[in-house]
Each structure stands twice: as structure tokens, then as C-alpha cells.
1. About its Cα centre, how strong a charge dipole does the chain have in debye, to the nearest 20, once Lys and Arg get +1 and Asp and Glu get -1 at the Cβ?
2. Could I get the Rg over Rh figure for segment 69-219? Both from C-alpha atoms, Rh via Kirkwood, rounded to two places.
3. If the elastic network links every pair of Cα atoms under 10 Å, which of GLN12, GLN30, GLN71 fluctuates the most in the Gaussian network model of the chain?
4. Computed from these coordinates, which is Rg/Rh (Cα atoms, Kirkwood Rh): (i) 0.98; (ii) 1.08; (iii) 1.43?
5. Restricting everything to alpha-carbon atoms, can you work out Rg to Rh for segment 1-158 with a Kirkwood hydrodynamic radius?
6. Using 7 Å Cα-to-Cβ label points, what is the VAL126/GLU225 separation (nm, one decimal)?
7. Rounded to the nearest 0.05, what FRET efficiency is calculated for GLU77 and ASP260 with R0 set to 30 Å and r the Cβ-Cβ distance?
8. How much mean residue ellipticity at 222 nm does the chain get from its helices, if each DSSP H run of length 4 or more adds -39500 (n - 2.57) and you divide by all residues, to the nearest 500 deg cm²/dmol?
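The values are calculated or read from the model by the stated rules, or taken from the named source; none is laboratory data. These numbers were taken from a predicted model, which means no experiment stands behind them. Here the Cβ is made from the backbone with ideal geometry for all residues, glycine too, and neighbour counts use every protein chain on show. The area values use the complete protein model at the heavy-atom level, side chains included, leaving out ligands, DNA and RNA. Shrake-Rupley method; radii C 1.70, N 1.55, O 1.52, S 1.80 Å.
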Amino acid sequence: MDKLGSIKVFLQVVRAGSFIKAADQLGLSQTSASRMVRELEEAVGVRLLNRSTRSLSLTDAGDRLFTLYGQVVDDLEGMEAEAAGSGSSTTRSRLRVALPYTFATRRLEAAICRFREEHPTVDIEVRLDDSPTDLVRDGFDMSIRIAPALSSSTIARRIASVPMVVCAAPAYLQRRGPPLIPADLANHECLIYTDANPPDEWAFERDGNRDVQRVTGAVKANSGELLRALAVAGQGIIFQPAFIVGAEIASGELLPILQDFVPQPRSAYAIYPSNRFIPAKVRALTDIIATELSDDGTRRVPKASSRNEIAAEYD
């Protein structure tokens with residue numbers, strides 16, 4: 001029995017969701033793929049998959065071993081690729097990365113271009129998704145997540161600070177008046193980003209004190225870009241990263257408010273599937289992104305234009 005080969009087939013079956021798809025992706029017959037998974041189950045002494053005519057699902061033991069096997073195979077393949085690459089300039093490898101959509105399109109283009117220039121033998125595949133990614137299950141080498149903090153069990157490196165801005169369009173502020181303290185937000189229409197955790201709490205700091213305000217609003221979305229556009233249209237107040245609203249603040253389409261209070265910043269984290277071995281290509285991309293972000297506008301709240309000097313006179 002080729003145990004490592006059987007483990008790889010098992011992992012691919014789970015990721016593909018069927019024996020037929022996995023066998024096709026691996027260049028095997030369905031019979032061979034099924035036999036290799038069955039041999040693996042016999043070797044470990046437990047059933048890994050619940051099989052029916054229409055679906056597959058992991059057993060409890062299968063779920064635990066899927067995570068462990070995925071880490072072991074990823075580590076092994078990473079070490080083999082790194083060893084092979086150290087002796088050959090033509091060996092190609094692949095790097096799969098999951099990135100937040102707007103953050104990637106507005107802040108990471110330069111980092112990806114630089115990585116390609118410095119590592120021409122690494123093919124990079126990027127998936128844009130604002131939701132958290134299961135790196136092991138989906139087969140990604142790393143992801144980036146923007147959050148106030150991460151759980152202690154997450155394997156991550158903090159790579160940048162991401163300042164937040166609370167702002168609204170002049171038309172909205174003329175119509176509703178500006179909030180003067182965070183508690184005033186309870187009486188305003190707030191545009192809520194549903195992927196935040198929690199989505200309906202906006203945190204501020206002033207004189208060393210933290211003020212968390214619960215907000216409400218008729219519009220909720222998992223897209224900061226959509227919420228920005230709605231804010232520009234006068235639909236409400238937005239609490240978003242500076243990289244999303246910076247251009248609109250600079251042009252005067254959005255006005256920063258509550259400027260005596262500092263919105264609690266987020267952080268950008270590089271997330272890894274395993275802490276036992278992080279391949280050189282993953283470390284290299286993380287380093288490049290961290291360097292590029294230290295030099296761009298990610299850490300700076302944009303200044304309002306002269307048009308915004310009327311911000312205190314909304315009527």
C-alpha cells in the first residue's frame with residue numbers, strides 16, 4: 001500500500017466532493033481512487049467517509065485526519081519544492097492566495113508585481129473573497145484578513161495597521177445633522193458591513209478610553225465598495241477602512257465626522273494553514289506585502305479637501 005499516495009487521494013476526494021472529480025483531477029480511475037481510500041481506512045482502523053449514492057461526508061475521525069493529513073502533505077510538498085528550487089532556477093511551483101477583494105485591488109497590485117519580478121518561477125493564483133477562507137480544506141497557502149484581532153488558535157503574522165474612518169456625504173449631514181459623540185450614532189442611519197465581527201458595533205478611542213457604540217441601519221452588505229457608493233449617494237454613515245473611502249474624502253464627496261474620536265483601527269494579518277513549515281515562497285510574499293504596505297496609504301487617514309472646511313456648517 002502506498003500510504004502517502006492514498007492520503008493524497010483522500011484529501012483530493014474531500015476537496016473535490018466526489019470520487020469521480022478527484023480521480024479525474026489526479027489522472028486515476030474511479031475504481032483506483034475508491035480502492036486507495038478504502039485501503040487507507042483499513043490501515044488507520046476507522047471509517048473516514050460516509051458514502052451514499054448522491055453525496056460524501058466526513059466522519060468525525062475523517063474530519064480530524066483530513067486537517068492533520070492536509071498539514072503534513074502541505075509541509076512535505078513545501079519542503080520538497082524548496083529543496084528542489086534551491087538547486088535549479090527553472091523549477092516551477094505554485095502559490096495559492098486568498099485575499100479580500102477591495103484590499104487586493106486597491107493596495108496589493110504593487111506587491112504582487114514585485115513578487116513576480118523577484119520570483120519568476122512561482123506561478124501565483126489569487127482568489128478574491130472577503131469571507132474567511134478554510135485554507136486547509138480549500139488548498140490555499142495563505143490568506144490575508146483584516147480584523148481588530150484574531151483568535152489565539154489562528155496561525156498568523158500581523159503585517160500592517162489599517163486605519164478606519166467614519167464619514168458621510170454632505171447631503172446626508174445637511175439633512176440629518178452631524179453626530180457629535182459616538183452615542184449620537186444611535187439616532188442615525190448607519191450602513192453596516194456584515195463581514196465585520198460583530199457587524200453592528202463601532203469602536204472609538206478618546207483620551208485613552210474606549211467607546212463601543214451599537215449601530216443600526218436599513219442597509220447591510222458584505223461589500224465595502226457598495227456601502228461606500230451608498231454613502232456617497234447620501235444613504236447613511238459609513239465606518240470603513242481609509243483605503244476604501246480615501247479618494248471620496250479627498251474629493252469632498254464624503255466628510256469625516258466625529259473627528260474628536262479615533263475609530264479603533266483594524267490590522268491586516270497574513271494567515272497560514274500550518275505553523276510547522278511555512279514555505280520560502282509564502283514567507284517571501286508576506287515580507288513583500290508588509291514592506292509595500294509600510295510605504296503606501298494603508299496606515300494614513302486621507303486629509304479632507306478645502307471643500308470639507310464647511311463640514312461644521314452642514315446647513
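1. So the magnitude is around 620 debye.
2. When Rh is taken as the Kirkwood radius, the ratio is 1.10.
3. Answer for the Gaussian network model of the chain: GLN30.
4. Computed from the coordinates, Rg/Rh (Cα atoms, Kirkwood Rh) corresponds to (ii).
5. 1.01
6. 1.2
7. Numbers: r = 53 Å, r/R0 = 1.77.
FRET efficiency, GLU77 to ASP260: 0.05.
8. The helix-only estimate for the chain comes to -12500 deg cm²/dmol at 222 nm.
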